[in-house]
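The values are calculated or read from the model by the stated rules, or taken from the named source; none is laboratory data. Just so it is clear, the model here is predicted, and its values are computed rather than measured. Here Cβ is always computed from backbone atoms with ideal geometry, including for glycine, and neighbour counts include all displayed protein chains. SASA here: full protein model, heavy atoms, side chains in, ligands and nucleic acids out. Shrake-Rupley method; radii C 1.70, N 1.55, O 1.52, S 1.80 Å.
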Amino acid sequence: MPTFDPARAFRKLAYNNALANRRLLEACAALKLGEFEAPRTSFFPSIKETLNHIITVDWFYVDGMEGGTLGLAAFDIDEPFDDVVSLAQAQAKVDQRLVALCEALTPEGLVSTVHLHRGDRIQEERMEDVLAHLFQHQTHHRGQVHAMLASTSVAPPQLDEFIVADDARFRGREVANLGWSEEKMMR
(Lines give C-alpha, C1' and ligand atoms only; values in the text may rest on other atoms or scores of the structure.)
Protein backbone atom coordinates (compact mmCIF):
# COMPACT_ATOMS: atom_id res chain seq x y z
CA MET A 1 0.00 0.00 0.00
CA PRO A 2 1.40 3.45 -0.90
CA THR A 3 2.38 5.79 1.89
CA PHE A 4 0.26 8.83 2.50
CA ASP A 5 2.03 12.09 1.62
CA PRO A 6 0.12 15.14 2.92
CA ALA A 7 2.13 17.42 0.62
CA ARG A 8 0.98 15.60 -2.54
CA ALA A 9 -2.34 17.44 -2.79
CA PHE A 10 -0.57 20.80 -2.58
CA ARG A 11 1.91 19.80 -5.31
CA LYS A 12 -0.98 18.84 -7.58
CA LEU A 13 -2.80 22.08 -6.77
CA ALA A 14 0.33 24.04 -7.72
CA TYR A 15 0.58 22.22 -11.06
CA ASN A 16 -3.12 22.69 -11.71
CA ASN A 17 -2.85 26.36 -10.80
CA ALA A 18 -0.01 26.95 -13.27
CA LEU A 19 -1.80 25.01 -16.02
CA ALA A 20 -5.07 26.91 -15.49
CA ASN A 21 -3.25 30.26 -15.49
CA ARG A 22 -1.46 29.34 -18.70
CA ARG A 23 -4.71 28.36 -20.42
CA LEU A 24 -6.51 31.47 -19.26
CA LEU A 25 -3.70 33.82 -20.27
CA GLU A 26 -3.32 32.13 -23.68
CA ALA A 27 -7.02 32.81 -24.26
CA CYS A 28 -6.62 36.41 -23.12
CA ALA A 29 -3.68 36.87 -25.51
CA ALA A 30 -6.12 36.23 -28.38
CA LEU A 31 -8.47 39.07 -27.35
CA LYS A 32 -9.21 41.77 -29.89
CA LEU A 33 -7.82 45.26 -29.34
CA GLY A 34 -9.61 46.91 -26.42
CA GLU A 35 -11.21 43.77 -24.99
CA PHE A 36 -8.51 43.24 -22.32
CA GLU A 37 -9.19 46.56 -20.61
CA ALA A 38 -12.86 46.99 -21.54
CA PRO A 39 -15.26 47.60 -18.63
CA ARG A 40 -17.08 44.47 -17.52
CA THR A 41 -19.27 43.33 -14.66
CA SER A 42 -17.28 41.55 -11.96
CA PHE A 43 -15.51 42.19 -8.66
CA PHE A 44 -12.76 44.01 -10.60
CA PRO A 45 -14.24 45.90 -13.56
CA SER A 46 -12.05 44.44 -16.33
CA ILE A 47 -10.07 41.38 -17.33
CA LYS A 48 -6.90 43.46 -17.08
CA GLU A 49 -7.61 44.57 -13.50
CA THR A 50 -8.55 41.07 -12.37
CA LEU A 51 -5.44 39.44 -13.83
CA ASN A 52 -3.22 42.15 -12.34
CA HIS A 53 -4.86 41.54 -8.96
CA ILE A 54 -4.16 37.81 -9.21
CA ILE A 55 -0.45 38.34 -9.84
CA THR A 56 0.12 40.95 -7.14
CA VAL A 57 -1.57 38.71 -4.56
CA ASP A 58 0.59 35.81 -5.78
CA TRP A 59 3.72 37.92 -5.34
CA PHE A 60 2.69 38.76 -1.77
CA TYR A 61 1.90 35.22 -0.64
CA VAL A 62 4.58 33.30 -2.56
CA ASP A 63 7.25 35.67 -1.27
CA GLY A 64 5.99 35.19 2.29
CA MET A 65 5.97 31.41 1.95
CA GLU A 66 9.52 31.56 0.58
CA GLY A 67 10.55 33.46 3.72
CA GLY A 68 10.77 36.84 2.03
CA THR A 69 9.80 40.26 3.32
CA LEU A 70 8.24 41.87 0.23
CA GLY A 71 5.02 42.38 2.12
CA LEU A 72 2.68 45.14 1.03
CA ALA A 73 5.23 46.39 -1.53
CA ALA A 74 3.69 43.69 -3.76
CA PHE A 75 0.73 46.06 -4.11
CA ASP A 76 2.68 49.30 -4.72
CA ILE A 77 1.42 49.35 -8.30
CA ASP A 78 -2.24 48.33 -8.64
CA GLU A 79 -1.85 47.28 -12.25
CA PRO A 80 1.80 46.51 -12.98
CA PHE A 81 1.00 45.13 -16.46
CA ASP A 82 -0.74 46.87 -19.34
CA ASP A 83 -0.55 43.93 -21.75
CA VAL A 84 -1.27 40.22 -21.62
CA VAL A 85 2.14 39.10 -22.92
CA SER A 86 4.21 40.66 -20.13
CA LEU A 87 1.60 39.71 -17.54
CA ALA A 88 1.64 36.08 -18.74
CA GLN A 89 5.44 35.93 -18.56
CA ALA A 90 5.45 37.28 -14.99
CA GLN A 91 2.58 34.97 -13.98
CA ALA A 92 4.46 31.95 -15.34
CA LYS A 93 7.48 32.91 -13.22
CA VAL A 94 5.52 33.19 -9.99
CA ASP A 95 3.63 30.00 -10.85
CA GLN A 96 6.95 28.17 -11.23
CA ARG A 97 8.09 29.53 -7.86
CA LEU A 98 4.89 28.16 -6.32
CA VAL A 99 5.40 24.77 -7.98
CA ALA A 100 8.99 24.67 -6.69
CA LEU A 101 7.82 25.61 -3.20
CA CYS A 102 5.20 22.85 -3.23
CA GLU A 103 7.66 20.32 -4.71
CA ALA A 104 9.92 20.94 -1.70
CA LEU A 105 7.12 20.60 0.87
CA THR A 106 7.42 18.07 3.65
CA PRO A 107 4.85 17.21 6.32
CA GLU A 108 6.87 19.40 8.70
CA GLY A 109 6.92 22.22 6.16
CA LEU A 110 3.14 22.12 5.88
CA VAL A 111 2.78 22.96 9.56
CA SER A 112 5.60 25.52 9.60
CA THR A 113 4.82 29.15 10.30
CA VAL A 114 4.69 31.65 7.43
CA HIS A 115 5.39 35.29 8.31
CA LEU A 116 3.37 37.66 6.12
CA HIS A 117 4.58 41.25 6.35
CA ARG A 118 1.49 43.46 6.60
CA GLY A 119 3.15 46.84 7.16
CA ASP A 120 2.46 47.53 10.82
CA ARG A 121 2.36 43.86 11.82
CA ILE A 122 3.52 40.38 10.92
CA GLN A 123 0.73 37.91 10.32
CA GLU A 124 1.65 34.35 11.30
CA GLU A 125 -0.15 31.44 9.64
CA ARG A 126 0.49 27.78 8.99
CA MET A 127 1.93 27.02 5.55
CA GLU A 128 -0.91 24.64 4.68
CA ASP A 129 -3.47 27.37 5.48
CA VAL A 130 -1.68 30.00 3.39
CA LEU A 131 -1.46 27.58 0.47
CA ALA A 132 -5.15 26.69 0.71
CA HIS A 133 -6.02 30.39 0.88
CA LEU A 134 -3.89 31.24 -2.15
CA PHE A 135 -5.29 28.40 -4.28
CA GLN A 136 -8.84 29.44 -3.36
CA HIS A 137 -8.05 33.06 -4.24
CA GLN A 138 -6.65 32.03 -7.62
CA THR A 139 -9.62 29.82 -8.44
CA HIS A 140 -12.11 32.52 -7.43
CA HIS A 141 -10.61 35.25 -9.61
CA ARG A 142 -9.77 32.97 -12.55
CA GLY A 143 -13.46 32.07 -12.56
CA GLN A 144 -14.34 35.73 -12.84
CA VAL A 145 -12.01 36.19 -15.82
CA HIS A 146 -13.44 33.02 -17.35
CA ALA A 147 -16.95 34.47 -17.07
CA MET A 148 -15.83 37.83 -18.49
CA LEU A 149 -14.30 36.07 -21.50
CA ALA A 150 -17.77 34.79 -22.39
CA SER A 151 -18.67 38.32 -23.54
CA THR A 152 -15.59 38.70 -25.76
CA SER A 153 -14.46 37.39 -29.13
CA VAL A 154 -12.56 34.55 -27.38
CA ALA A 155 -14.18 31.42 -26.00
CA PRO A 156 -13.36 30.72 -22.35
CA PRO A 157 -10.84 27.87 -22.05
CA GLN A 158 -11.24 24.57 -20.21
CA LEU A 159 -10.30 25.28 -16.58
CA ASP A 160 -12.28 22.80 -14.52
CA GLU A 161 -10.07 19.82 -15.26
CA PHE A 162 -8.04 18.71 -12.27
CA ILE A 163 -4.84 16.77 -12.61
CA VAL A 164 -6.10 13.20 -12.64
CA ALA A 165 -4.44 10.44 -14.64
CA ASP A 166 -7.37 9.87 -17.00
CA ASP A 167 -7.24 13.49 -18.25
CA ALA A 168 -3.59 13.27 -19.36
CA ARG A 169 -4.69 12.97 -23.01
CA PHE A 170 -6.16 16.49 -22.83
CA ARG A 171 -3.04 18.24 -21.59
CA GLY A 172 -0.05 16.47 -23.21
CA ARG A 173 1.20 19.42 -25.28
CA GLU A 174 0.75 21.88 -22.44
CA VAL A 175 2.57 19.69 -19.93
CA ALA A 176 5.46 19.22 -22.35
CA ASN A 177 5.61 22.98 -23.05
CA LEU A 178 5.83 23.62 -19.32
CA GLY A 179 8.71 21.15 -19.03
CA TRP A 180 6.79 18.77 -16.81
CA SER A 181 5.91 15.11 -17.09
CA GLU A 182 2.76 13.25 -16.17
CA GLU A 183 4.86 11.00 -13.94
CA LYS A 184 6.18 13.97 -11.96
CA MET A 185 2.71 15.46 -11.53
CA MET A 186 1.20 12.14 -10.42
CA ARG A 187 3.76 11.18 -7.81
Task: Stokes-Einstein D (µm²/s) once Rh is taken as the Kirkwood radius of the range 18-58 over alpha-carbon pairs, at 37 °C in 0.692 mPa s - done: 305
Open item on the list: Rolling a 1.4 Å sphere over the protein heavy atoms, what is the accessible area per residue of the chain, to the nearest Å²?
Closed with: 51
Task: Sequence-separation-based contact order of the range 98-187, relative, with Cα cut under 8 Å and 6+ spacing, percent - done: 14
- [ ] Roll a 1.4 angstrom probe over the protein heavy atoms and tell me the percent of accessible area of the chain that is carbon or sulfur.
- [x] 56
TODO: For the range 45-122, state which trypsin sites (Lys or Arg not before Pro) are in a DSSP loop and have at most 15 other beta carbons lying within 10 Å of their beta carbon.
DONE: 118, 121
- [ ] Note down, for the range 52-176, the three equivalent ellipsoid semi-axes (square root of 5 times each alpha carbon gyration tensor eigenvalue), biggest first, whole angstrom.
- [x] 27, 21, 13
Task: Computed over the chain: relative contact order in percent, which uses C-alpha pairs under 8 Å that are six or more apart - done: 32
Task: 10 Å binning of all Cα-Cα separations within the range 1-122, expressed as whole percents from 0 upward - done: 12, 37, 32, 15, 4, 0
Task: the range 113-174: C-alpha pair distances exceeding 20 Å, % - done: 54
TODO: Kindly write out, for the range 86-92 in residue order, the coupling ³J(HN,Hα) from the Karplus curve 6.51 cos²θ - 1.76 cosθ + 1.60 (θ = phi - 60°), rounded to whole Hz, with x marking Gly and Pro.
DONE: 5, 5, 4, 5, 5, 5, 4
Task: Cα-centre dipole for the chain with unit charges at Cβ (Lys and Arg positive, Asp and Glu negative), debye to 20 - done: 440
- [ ] Pop out the ³J(HN,Hα) list for the range 45-56 in order, Karplus 6.51 cos²θ - 1.76 cosθ + 1.60 with θ = phi - 60°, rounded to Hz; leave Gly and Pro as x.
- [x] x, 7, 4, 4, 5, 5, 5, 5, 5, 4, 6, 5
- [ ] For the range 143-149, take each phi angle, set θ = phi - 60°, evaluate the Karplus expression 6.51 cos²θ - 1.76 cosθ + 1.60, and give the result in whole Hz per residue in order, putting x for glycine and proline.
- [x] x, 5, 5, 4, 5, 5, 4
Task: Cα convex hull volume per residue for the range 64-122 (Å³) - done: 78
Open item on the list: Under the rule of at least 5 residues apart or a separate chain, name every residue whose amide H is placed under 5 Å from the amide H of residue 125.
Closed with: 114, 116
